[in-house]
1. Given the structure, is Met367 within 40 Å of the chain's Cα centre (by Cα) and among the hydrophobic types (A, V, I, L, M, F, W, C)?
2. Would you confirm whether any residue within region 306-327 is closer than 17 Å to Gln358 by Cα and of a type in the set (Val, Ile, Thr)?
3. So how many residues does region 276-299 have that are among the hydrophobic types (A, V, I, L, M, F, W, C), within 24 Å of Thr317 (Cβ to Cβ) and either surrounded by fewer than 17 Cβ atoms within 10 Å (Cβ to Cβ) or within 31 Å of the chain's Cα centre (by Cα) (or both)?
4. Could we say that Ser142 is without any contact (Cβ under 8 Å) to a residue 40 or more places away in the chain, surrounded by 13 or more Cβ atoms within 10 Å (Cβ to Cβ) and farther than 24 Å from Glu216 by Cα here?
5. Being among the small types (Gly, Ala, Ser), surrounded by 15 or more Cβ atoms within 10 Å (Cβ to Cβ) and in contact with a helix residue (DSSP H, G or I) (Cβ under 9 Å, 6 or more places away or on another chain), is that true of even one residue in region 201-220?
6. Being among the hydrophobic types (A, V, I, L, M, F, W, C) and not in a strand (DSSP E or B) is the filter; apply it to region 140-189 and report the residue that is nearest to Thr211 (Cα to Cα).
7. I'd like the residue in region 84-123 that is of a type in the set (Lys, Arg) and crowded, with 20+ Cβ neighbours inside 10 Å and, out of all such residues, is nearest to the chain's Cα centre (by Cα).
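Nothing in this text is a laboratory measurement; each read-out follows from the coordinates by a stated rule. Every value quoted in this text rests on a predicted model; they were computed, and no experiment measured them. Because the Cβ atoms are built from the backbone with ideal geometry, glycine has one as well, and the counts that use them run over all protein chains shown.
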Amino acid sequence: MKSILTIAALTVLLGGVAVATLQGANNGDLTQGAFPNRVPHSVALPTGSQGIDQRVTELSADLLLPKDADIDFKNGETGQDLYRDNGTMQHREVYYKQLPGKPKQLKWQASIGLDGVTYMDDTAFWPDGSRQRVGNRQADGSYLILTYFAGGQTEQSRSIIGADGKGLFQRIVRDNGKLAYLGQKTKDGIEETTYSEDGHKLKYSMRNFSTKRKTEFYPNSDDPKSDIIEDSFNYTTISYAPGGKIIEKYLVQNSSLTVFHYENGVPKYMQYWLRTNTAEAVKGAPSVWQLYSIAVIDDQEKEHWKLWFKTGDKVTTLVPSFTYESLDGLPTEKSHSVKVSYYTDAGCLREEIWQDAQFGKEVKKIMYPQDRGCSTIPLPADMLKPMPADAPVKKIPAPEPHEP
C-alpha cells in the first residue's frame, strides 16, 4: 500500500503504465551525423532501463525539431508523442499490446505543459476501456489523482501531490467500501492511519521535524493498545487495557527511566530507575538498571510521598536514603507541611524534620541516636515491581511505513 510519503513518485510514473522519461528526440540517435544529408526521421535506441525497444521520431521541415514520435516498448505496448512547433512535448499516448483481431486499446494518455515537462492532466484505462485513474493539475500547482476499481465507476484512492512534488493527502478504500488508509500533511506533521478489513484502526503514526508518534490498536476495535511518542529529549511509551484505560507509562530520558503505574486507569505510584552502564549500553551492551526512587502519586501524577534509595556500584540491596511526605494532602511541591526523614547507611532512621514547604523553613526536628536501636521503614512491596524484561529502553525507528 502506498503512503502519502510515496505518492509523489506518481508524478514520474503516472498510473504505473509504461511511460518513458521525457527526452529529446536525439537520445541515442542513429542517423544524426551518419550521412552528409539528414533524413526526415530519427531512430533512437534508448537504454534498457526505459523499457523501450526503439523510438522513431519524425522531424520538422527544417529537420531541427521533433514533430511526433512512435515508440515500441519491450513489453509489446506502443506509444506516440506529439510536439509543439518549438519542439516541446505536448501530448503522450500509450497503448496496450494489440491482440489479434482486436482494435488497439488506449492504456494511458497525458497532456504536457508549455515547458514540455510538467504534466497538466493524465488518464489511464483498464483493458476494457473503462477509466483506471485520472490526474489533473490544480490552480495552486498541486496535482490531484483519482484511481478507480475495475469498471471505472467506484473510486479506490484520492491523492494530492504538492507543487514541490511532496505528498499532501491520500485516501485509499478497499473493494468492500471500507477505509484502508488515510495520510495527510497537517499543522502537526505528516499523519498516517491504516485500517483493517472491517474498517477498524490498526496503526496511526505522526512525524514532523522533532517528534515521532506511533499508535497501535487492539484487533477489531478502535481502542489503543500502545502509544509511543519520541522527541528530541524524551521517549514515552503508554500501554492501555481494552477499553482505553492506561496500564503503565514509561518515560525514557538519557540514562533514566520513569515508570508510572496505574490502577483501573488512575495513577497510583511511580518508579524512577537509573541506568548504571550508559557508556557500555551505547556500544550495544544490555542496559543495567538500578531502582533510585519510588513515589505515591495522585491522578495528575504529582508526588505526595517519595522514597529515595541509596545507589552506587557497591549497593546490591534496597536501602532507604531519605523520604519526603506531604502532611496536608497537597503534592509535596505545593505542600505547606512536609516531613523529611533521613536514614543511615544501614537503613536505620537517623532524623526527622518538619518543614513549612518542600524546601522551606524547618519547624521541628527529631534525632534518633543509633545506640538505642534501629528503627527501619517498611518498604511497600507493591511498589517494588521489578523492571520488565521488555522495558522500552531503546529508541524505535521512524513510524512505519517510511521515513519522511
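1. Numbers: within 40 Å of the chain's Cα centre (by Cα): no; among the hydrophobic types (A, V, I, L, M, F, W, C): yes.
No; evaluated as a whole, the condition is false for this residue.
2. Among the residues of region 306-327, at least one is closer than 17 Å to Gln358 by Cα and of a type in the set (Val, Ile, Thr), which makes the answer yes.
3. Qualifying residue count for the region: 4.
4. Values: without any contact (Cβ under 8 Å) to a residue 40 or more places away in the chain: yes; surrounded by 13 or more Cβ atoms within 10 Å (Cβ to Cβ): yes; farther than 24 Å from Glu216 by Cα: yes.
Answer is yes for this residue.
5. Filtering region 201-220 down to residues among the small types (Gly, Ala, Ser) leaves 205, 210.
Those still in the list that are surrounded by 15 or more Cβ atoms within 10 Å (Cβ to Cβ) too: 205.
Next, only the ones that are in contact with a helix residue (DSSP H, G or I) (Cβ under 9 Å, 6 or more places away or on another chain) stay: none.
Checked region 201-220: no residue is among the small types (Gly, Ala, Ser), surrounded by 15 or more Cβ atoms within 10 Å (Cβ to Cβ) and in contact with a helix residue (DSSP H, G or I) (Cβ under 9 Å, 6 or more places away or on another chain).
6. The initial filter retains those residues of region 140-189 that are among the hydrophobic types (A, V, I, L, M, F, W, C), namely 144-146, 149-150, 160-161, 163, 168-169, 172-173, 179-180, 182.
Filter once more, so that each one left must be not in a strand (DSSP E or B): 149-150, 163.
Numbers: Phe149: 36, Ala150: 40, Ala163: 25 Å.
Per the stated criteria, the residue is Ala163.
7. Going through region 84-123, the residues of a type in the set (Lys, Arg) turn out to be 84, 92, 97, 102, 104, 107.
Okay, now just the ones that are also crowded, with 20+ Cβ neighbours inside 10 Å, so 92, 107.
Working: Arg92: 36, Lys107: 34 Å.
The qualifying residue nearest to the chain's Cα centre (by Cα) is Lys107.
This table checks each residue for (1) within 13 Å of Met383 (Cβ to Cβ); (2) in contact (Cβ under 8 Å) with a residue 12 or more places away in the chain; (3) part of a loop (DSSP other than H, G, I, E, B); (4) of a type outside the set (D, E, K, R).
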residue: Pro242; (1), (2), (3), (4): no, yes, yes, yes
residue: Thr258; (1), (2), (3), (4): no, yes, no, yes
residue: Gln271; (1), (2), (3), (4): yes, yes, no, yes
residue: Leu274; (1), (2), (3), (4): no, yes, no, yes
residue: Gly284; (1), (2), (3), (4): no, no, yes, yes
residue: Gln300; (1), (2), (3), (4): no, yes, yes, yes
residue: Trp305; (1), (2), (3), (4): yes, yes, no, yes
